[in-house]
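Worksheet: the structure to be examined is printed underneath.
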Amino acid sequence: MGSQKVFGSKEKARRKLADKVVKSLGQPVWLESVSVDADGRAILVILANPAAPEAAEARRIEAEGKAELVSGVKSVTTVLTAERASTPAPAGDKQIGLTPAPKRVRKGARLSDEAMQQGAPSANAAKSSIPGISRILIVASAKGGVGKSTVSVNLAAAMARVGMKVGLMDADIYGPSIPTMLGTQDAEPETDPKTGRLQPVEAHGMKTLSIGYLSDPDAPMIWRGPIVMSAITQMLNDADWGTPEDPLDVLIIDTPPGTGDAQLTIAQRVPVTAALIVTTPQEVALADVRRGAAMFTKTAVPVLGLVETMSWFEDPAGNRHYLMGQGGGAATASALGLPLLAEVPMLQVIREGGDSGKPAALADDTAGELFHELARRVAVELDSLVSKPVPEIVFED
Ligand SMILES: Nc1ncnc2c1ncn2[C@@H]1O[C@H](COP(=O)(O)OP(=O)(O)OP(=O)(O)O)[C@@H](O)[C@H]1O
């Protein structure tokens, strides 16, 4: 949709609307570009200093507030991009990031064609270009609280259980829950004194890093845009996940819920091999999941499939109760032409595993088998995207 070339009067109308938005904002110097897509979504590219997140946030709130009021604008998306000369972060600032180096969007560039491609892997560059990481899988959901982190953790644990070299990175800035789910809340990643590189925390046979290790769990999470990217860039590039000779087979990234700019930025800037979308049955706000899938398509990230969670609850007599509706995940997957990779029922052991820091995937029961099967399917799908096979992993029933 957004990447389609649009000619004629519609294009003119969209340009006019974009001009109206620019005027409504008073043409500030920090406004890099404005475009409007065919759905009436205004996309604002805002320059921000990575070392001054509050100022960036203020710009963003101001811009969104004003642009939303322009008649004809249906929704607003902001993308923060780094100012050229960024000053170092103030000492004592709890950010872990270094200055990111995102490319700037050329003035007047149409976001759909250019910004969307910034840093995005090309369609056939399936392999991660980070030395020490063979593949990067991002786990995403259109809404919060659907069980995305639960799927990320258990998928990673199931893969590690069969001997894959797995990393799990928690990029969920709004509520990093992976440390709790792995029982590593008190861990603090060390830094190699010689190289200065972050050492991921080891848990249940996998390596992990989380924004949660670096922030006060009670502090409000206001990291967005450049700061998020700084943290993610450092966790990705400045951490010893693996070596070029002995790389991780897969790094799973738990992303923040939604399809806003935080997710877009990650999809654009991280050399992602593929994405997995998690949804609940009633979340068949098909439009939301479709929007998520469309975002990945635009950024040339292949979507492996959907995982439906909280699919049913089974009573002691073995009757299934579809508390959140039935068949929504399957219908959405089929509408999008994607496989439904798993239906995960509501199980007490899954919730307890998350709360106690011992993933349910590690047990020899229904949950363990289910995540084992999901891991197998994901490994196979990932394998089909990368020429080098997932090494010597035998999934047996
Ligand atoms: N299949 C399941 N059975 C039982 N409980 C589950 C299941 N999936 C998730 N939960 C529970 O639901 C809650 C929310 O799950 P989770 O934190 O994984 O969601 P999320 O989508 O990552 O949320 P957020 O928006 O905070 O990132 C957790 O308490 C988790 O233990």
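The values are calculated or read from the model by the stated rules, or taken from the named source; none is laboratory data. Bear in mind that the values here come from a model prediction, so they are computed numbers and not experimental data. Because the Cβ atoms are built from the backbone with ideal geometry, glycine has one as well, and the counts that use them run over all protein chains shown. To get the accessible areas, we keep the full protein, side chains included, count just its heavy atoms, and leave off ligands, DNA and RNA. Shrake-Rupley method; radii C 1.70, N 1.55, O 1.52, S 1.80 Å.
Things worth noting here:
- At full extension, Ser384 and Ala335 could sit 15.4 nm farther apart than now, given 0.36 nm per residue minus the alpha carbon distance.
- Residue-count net charge about Val151 - beta-carbon cut-off 12 Å; Lys, Arg +1, Asp, Glu -1: -2
- Shape of region 308-369, Cα gyration tensor, a/c cut at 1.5: oblate
- Heavy-atom accessible surface of Val380, to the nearest 10 Å², is about 80 Å², with a 1.4 Å probe and all protein chains retained.
- Note on Asn319/Thr243: beta-carbon distance plugged into 1/(1 + (r/R0)^6) with R0 of 45 Å gives a FRET efficiency of 0.30.
- Two-site FRET efficiency, Gln27 against Ser129, from Cβ-Cβ distance with R₀ of 45 Å, rounded to 0.05: 0.75
- Length, then width, then depth: along the principal axes, the Cα atoms of region 148-190 run 29, 26, 15 Å.
- Area accessible to solvent at Leu236, 1.4 Å probe radius, in Å²: 10 Å²
- Between the residues Gln263, Tyr174, Ala239, the greatest Cα displacement towards the positive end of the dipole of region 136-385, with unit charges on the Cβ of Lys, Arg, Asp and Glu, is found for Gln263.
- Geometric descriptor of region 136-385, per residue, is 123 Å³ (volume of the convex hull of the Cα atoms).
- Segment Arg15-Glu188, extension gain: residue separation times 0.36 nm, minus the distance between their alpha carbons: 57.3 nm
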